[in-house]
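Engineer: Here it is, the structure in full.
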């Protein structure tokens, strides 16, 4: 399962997409234990209390976000980070 999640994240990175909310609540397990990385929780009322809603209406999991992602959201960093 971990390999499938890592593969999904690598695919998103190849498309220049930053997920910012990789958590068990966003990993959907299907038939034959096929795991898909999603953004399901941000749209689910079940997890509403775990997200901050910004002035623009974006829902962010601030409690679990890395500080780099918070700076990225605020526009202080580009989409790629230096190693």
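FYI, it's all coordinate maths here, none of it is from the lab. Here the structure is a predicted model, which means the values were calculated and not measured. Note that each Cβ is placed from the backbone with ideal geometry, even for glycine, and that neighbours are counted across all protein chains shown.
Engineer: Tell me, what is the FRET efficiency for residue 64 and residue 33 to the nearest 0.05, using R0 = 30 angstrom and their Cβ-Cβ distance as r?
Structural biologist: The calculated FRET efficiency here is 0.75.
Engineer: Between residue 10 and residue 49, with labels modelled 7 Å along Cα→Cβ, what's the label distance in nm to one decimal, could you check?
Structural biologist: The answer from the label model is 3.9 nm.
Engineer: Kirkwood hydrodynamic radius, computed over distinct alpha-carbon pairs, for the chain: how many Å, to one decimal?
Structural biologist: Every distinct Cα pair counted, the radius reaches 14.1 Å.
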